[in-house]
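The structure appears below as structure tokens.
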Amino acid sequence: MDGAGENLGTSGAAGVARTLLAEMAPVVAAIRAEAEAREARWAPGIGRAGFAESAANLAAYLALRHADLRPFQTRLAALGLSSLGRAEAHVAASVEAVLGALSAIAGAAGAVFPDPARFAEGPRMLAARRDRIFGPGMTPGSPETRIMATLPSDAADNPAFVARLVAEGVDCVRINCAHDAPEDWAAMIAHAKAAGRAAGREIAVAMDLAGPKIRTVAVSEKVRLMAGERFAIAADAGKVTGMAAVSISHPELAAMMHPGVTVWFDDGKLRARVVECTEAGAVVLEVTGARAKGVKLKPGKGVNLPGADLAIPALTDHDRACLGFVARNADIVGLSFVQTVADIDTVVDALDAETRGGARPALMLKIETPMAVRNLPELVVRAGGAAEVAVMIARGDLAVEIGFERLSEIQEEILWLCEAASVPVVWATEVLDGLLHEGQASRAETTDAAMGQRAECVMLNKGPYLPEALAFLRGILMRMDRHQKKKFAWLGPLGAWRDPG
């Protein structure tokens with residue numbers, strides 16, 4: 001080694017590498033110990049072959065993200081090494097590769113590197129699960145991200161409409177069990193399956209259980225509420241005098257409301273604060289936010305208590321009445337407002353009772369509350385240990401529950417966590433909403449749809465321009481596949497700029 005090499009070995013890259021090895025050693029040891037403890041705790045509940053490896057990587061990722069790696073990242077990058085910023089799918093292998101490279105740069109003998117095949121295993125499992133749950137895609141040249149479309153009620157009587165959705169590239173159709181009836185669902189499914197067979201591919205069917213969503217069920221009078229006005233929540237809205245009143249689908253929740261509690265209606269279009277709890281059991285609220293022209297209270301609108309942990313049973317009576325049909329006909333069961341491991345167990349037991357030991361449909365966990373966010377690792381492992389599992393970022397209720405500012409952060413963290421578990425993610429709620437309903441997407445909506453390419457599936461709601469939205473979304477996803485895969489940027493040649501030479 002010449003003089004420059006000797007200098008490098010003492011005060012240059014080799015010295016930096018030795019320092020990093022020494023600083024990272026206790027951090028890596030703590031990460032490994034935490035991951036092993038979590039993996040051991042999870043192991044008894046994983047009954048399905050093939051998910052244990054995913055759970056182990058998720059345990060390692062959670063441990064990795066409990067550590068603060070920022071002091072190491074820029075120094076690792078300066079040595080040409082991974083900063084561990086894209087380690088989600090292969091945590092242990094990524095850490096081992098960094099340590100091996102540091103050892104080699106430091107001049108240590110016998111530097112050890114992981115088998116390169118380990119870096120492909122997580123992405124391979126994720127792609128395979130995506131295909132098993134949402135379908136294998138339209139053609140070999142179709143987007144990596146699958147497209148789910150919500151069927152409107154009139155799809156039951158319009159096979160040509162469903163066939164057009166299949167022609168435009170839908171991979172999975174979604175039926176909301178809160179609407180229509182079993183005979184309508186059966187017709188929709190028959191149309192989708194027939195259109196898929198005609199196109200030479202299988203169309204997956206997702207059926208969402210309505211779940212314990214809190215809604216207004218009665219309104220005492222037609223009224224438009226303005227900021228500063230008062231109204232009440234009561235078990236019997238008709239018996240309240242002197243102000244407008246509503247009843248809600250879970251009247252027992254009134255007992256959790258006390259002065260100062262925030263209550264939102266209709267996805268936050270009407271925001272209110274509890275100011276009084278009466279001896280008769282009514283809760284008086286004052287409107288703190290509404291549009292300038294006010295907001296009409298109507299039955300059937302969603303009610304949220306942002307930030308509150310609500311202990312509500314996972315399945316409603318209506319859900320249980322739907323389960324027989326769902327278990328026999330759905331490829332995917334959407335679990336609305338799932339929050340705890342006990343919720344997963346309740347649904348799995350109910351499905352098993354309907355299928356009598358037959359194959360379970362895939363479980364799609366709709367993440368809509370702060371409790372679900374906190375419990376997400378446990379939910380994923382329990383569900384994945386019982387059946388194929390996917391996670392939907394249900395951004396409508398989730399945004400209301402955790403706050404719009406926090407949503408942008410949490411949706412990223414959910415993507416990362418699920419990649420670590422090789423669990424497919426559905427990017428949902430108001431994707432291309434302007435195009436669906438008005439025939440023209442906004443610039444912000446187009447950017448949001450492009451962001452959805454990092455998920456395994458993007459969901460479109462129903463709307464009069466659904467076929468057009470499908471085609472538009474498919475084009476966006478195909479363009480983004482050229483540039484991005486999860487957090488990894490593809491550096492293909494760019495041709496957007498003219499070369500004056």
Legend entry - Qualifying residue in segment 311-327 (condition: modelled with pLDDT under 95 and closer than 18 Å to Gly385 by Cβ): yes
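So that you can scan it fast, the table gives a plain yes or no per residue for (1) in contact with a Phe, Trp or Tyr (Cβ under 6 Å, 6 or more places away or on another chain); (2) within 18 Å of Tyr61 (Cβ to Cβ); (3) among the small types (Gly, Ala, Ser); (4) at pLDDT below 95:
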site: Ile344; (1), (2), (3), (4): no, no, no, no
site: Ala359; (1), (2), (3), (4): no, no, yes, yes
site: Ala362; (1), (2), (3), (4): no, no, yes, no
site: Pro377; (1), (2), (3), (4): no, yes, no, no
site: Val381; (1), (2), (3), (4): yes, yes, no, no
site: Gly384; (1), (2), (3), (4): yes, yes, yes, no
site: Val391; (1), (2), (3), (4): no, yes, no, no
Inset, instruction - Of the numbered conditions (1) closer than 30 Å to Pro424 by Cα; (2) modelled with pLDDT of 95 or more; (3) surrounded by 15 or more Cβ atoms within 10 Å (Cβ to Cβ); (4) of a type in the set (A, V, I, L, M), Ala33 fails exactly one; give the number of that condition. - result: (3)
Legend entry - Residue that is surrounded by 15 or more Cβ atoms within 10 Å (Cβ to Cβ), small (Gly, Ala, Ser) and out of contact with any Pro (no Cβ under 8 Å at 6 or more places or on another chain), where the choices are Ala237, Ala198: Ala237
Legend entry - Residue list for segment 113-144, restricted to those being acidic (Asp, Glu) and over 22 Å from Asp331 (Cβ atoms): Asp115, Glu121
Inset, instruction - Determine, yes or no, whether Arg454 is within 22 Å of Arg129 (Cα to Cα) and either of a type in the set (Ser, Thr, Tyr) or over 14 Å from the mean Cα position of the chain (by Cα) (or both). - result: no
Legend entry - Every residue from segment 134-155 that is surrounded by fewer than 22 Cβ atoms within 10 Å (Cβ to Cβ), part of a helix (DSSP H, G or I) and in contact (Cβ under 8 Å) with a residue 24 or more places away in the chain: Ser153
Inset, instruction - Out of the residues in segment 257-307 that are modelled with pLDDT under 95 and of a type in the set (Ser, Thr, Tyr), state the one that is nearest to Arg215 (Cα to Cα). - result: Thr262
Legend entry - Residue that is surrounded by the fewest Cβ atoms within 10 Å (Cβ to Cβ), among those in segment 405-424 that are more than 25 Å from Ala120 (Cβ to Cβ) and without any contact (Cβ under 8 Å) to a residue 24 or more places away in the chain: Glu405
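Look through segment 82-91, keep the residues that are touching a residue at least 24 places away in the same chain (Cβ under 8 Å) and either surrounded by fewer than 19 Cβ atoms within 10 Å (Cβ to Cβ) or not hydrophobic (A, V, I, L, M, F, W, C) (or both), and return whichever of them is farthest from Ser422 (Cα to Cα).
The selected residue is Gly85.
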Legend entry - Among the candidates Val338, Val373, residue that is assigned to a helix (DSSP H, G or I) and assigned by TED's automatic domain parsing to the domain that holds Gln411: Val373
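The values are calculated or read from the model by the stated rules, or taken from the named source; none is laboratory data. Given the structure is predicted, the values throughout are model-derived calculations rather than measurements. All Cβ positions, glycine included, derive from the backbone under ideal geometry; neighbour counts span all protein chains shown.
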